[in-house]
Amino acid sequence: MDVKLTEGPEAFDLPEWPVLLERDPYRHIFATLEWSRVWWEEFGAGRRLLVLSFCDPEPVGLAPLVLDPEAAVLSFLGGDDLTDYMGPISAGHESQRAIADTLLDYALEDIPSWCSFDARCLPVPFGFAEWLVEAADRRGLPFQMDEHEMTAVLSLPGSFDAYLEQLGRSRRHELRRKLRRFEEAAPDACLTTATEQTLEADLEDFFAMHRSSQGEKGKFMGVERAGFFARIARTFQPLGLLSLDFLEVGGKRVASTFSFTYSGTFYLYNSAFDAGAAALSPGIMIVVLLIRRCIEQGMGRFDFLRGTERYKFELGAERLPLHAVKITRPDGAKGPCG
């Protein structure tokens, strides 16, 4: 398998990137060119962008890598505080083992200035973490592999009634009770979605609601992160991939979610609610309404993304572990660790 290196922002013009992503059975929103470009432009200062294309002889995979020379760390593109899934793009599961082997060989021989390869947020069912570890083991490279995070994914049936049935008796009863109570208390409630015309004002409402949250959540949306969210929203909204939604009761917004729709999956990326309306359970209700809307639109998956909040599993999601693999460059290899 041959490797082609493209360094710097010109990698975002590689024609094989969108082609391979479309063929990847595990494709997700965080592997798109648009997400990668915005993340790099916001957080790539002082780092090197190294995108490896794997060919056999046609392109079969692509690995967007970031090298932090100061920390001597090589990683997949995307910070794990904002990018829920990371890893390579591959045209099929059968090519992942060869990609893992070739990636490690190339990194050892042709990428200097790294001491550790820190690969995080690798979804367990995708299998790449296991191939990466096997490749490291065959080369005698020191490695560690841990389940460091958890996401939650819900498979959507063909109707909302079928969804309620799959919850099980006790969870179904509890959710129906909450829905009845909500509908009685807020008969005029509605779900609204940002449009191109309302996006800027809607972003300000979302940020304000987020910053009014209690505890650490209220501190999350600082200037830097808000700038990233705004750029992502402005990039994805014209493509029809952004879903910035609000639950309104009596003309007042009581909950909001910042999400994406991509390849039949709804990604619930971030959310906030008005603590003053807590009696209505607005945070839960907006998610339930989104699940119902996704089912009506024929979507197949509702991805709650990272975090082990109880409500996700009460709404029927299944746990999806994420692997973190750390490979150490051995003494004697090329680079600063030799």
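The values are calculated or read from the model by the stated rules, or taken from the named source; none is laboratory data. Being a predicted model, the structure only gives us computed values, none of them experimental. All Cβ positions, even for glycine, are placed from backbone atoms using ideal geometry, and neighbour counts span all protein chains on display.
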Notebook entry, point to check: Does region 264-278 contain any residue that is over 15 Å from the mean Cα position of the chain (by Cα), among the hydroxyl-bearing types (Ser, Thr, Tyr) and under 22 Å from residue 121 (Cα atoms)?
Noted result: no
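Yes or no, residue by residue, for (1) at pLDDT below 95; (2) within 28 Å of residue 147 (Cβ to Cβ); (3) among the aliphatic types (A, V, I, L, M):
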{"residue": "10", "(1), (2), (3)": "no, no, no"}
{"residue": "30", "(1), (2), (3)": "no, yes, no"}
{"residue": "34", "(1), (2), (3)": "no, no, no"}
{"residue": "93", "(1), (2), (3)": "yes, yes, no"}
Check: Could you list, in sequence order, the residues of region 307-316 that are surrounded by fewer than 19 Cβ atoms within 10 Å (Cβ to Cβ) and not in a helix (DSSP H, G or I)?
Finding: 307, 308, 309
Next item on the list: Would you point out which residue out of 23, 27 is over 21 Å from residue 231 (Cα atoms), under 16 Å from the mean Cα position of the chain (by Cα), basic (Lys, Arg) and in the same structural domain as residue 103 (by TED's automatic domain parsing)?
Entry: 27
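Quick one: is residue 42 within 23 Å of residue 114 (Cα to Cα), surrounded by fewer than 18 Cβ atoms within 10 Å (Cβ to Cβ) and under 17 Å from the mean Cα position of the chain (by Cα)?
Taking the combined requirement at face value, the residue satisfies it.
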Check: Before we move on, is residue 253 surrounded by fewer than 18 Cβ atoms within 10 Å (Cβ to Cβ) and not in a loop (DSSP other than H, G, I, E, B)?
Finding: no
Next item on the list: Please state which of the following conditions residue 193 fails to meet, knowing it meets all the rest: (1) of a type in the set (S, T, N, Q); (2) under 30 Å from residue 240 (Cβ atoms); (3) surrounded by fewer than 13 Cβ atoms within 10 Å (Cβ to Cβ).
Entry: (3)
Notebook entry, point to check: Restricting to region 317-327, what's the tally of residues that are within 16 Å of residue 146 (Cα to Cα) and surrounded by fewer than 17 Cβ atoms within 10 Å (Cβ to Cβ)?
Noted result: 2
Notebook entry, point to check: Name the residues in region 270-304 that are buried (at least 21 other Cβ atoms within 10 Å of the Cβ) and part of a strand (DSSP E or B), would you?
Noted result: 271, 272, 273, 302, 303, 304
Check: When residues of region 3-37 are filtered for being β-branched (Val, Ile, Thr), part of a helix (DSSP H, G or I) and crowded, with 18+ Cβ neighbours inside 10 Å, how many remain?
Finding: 1
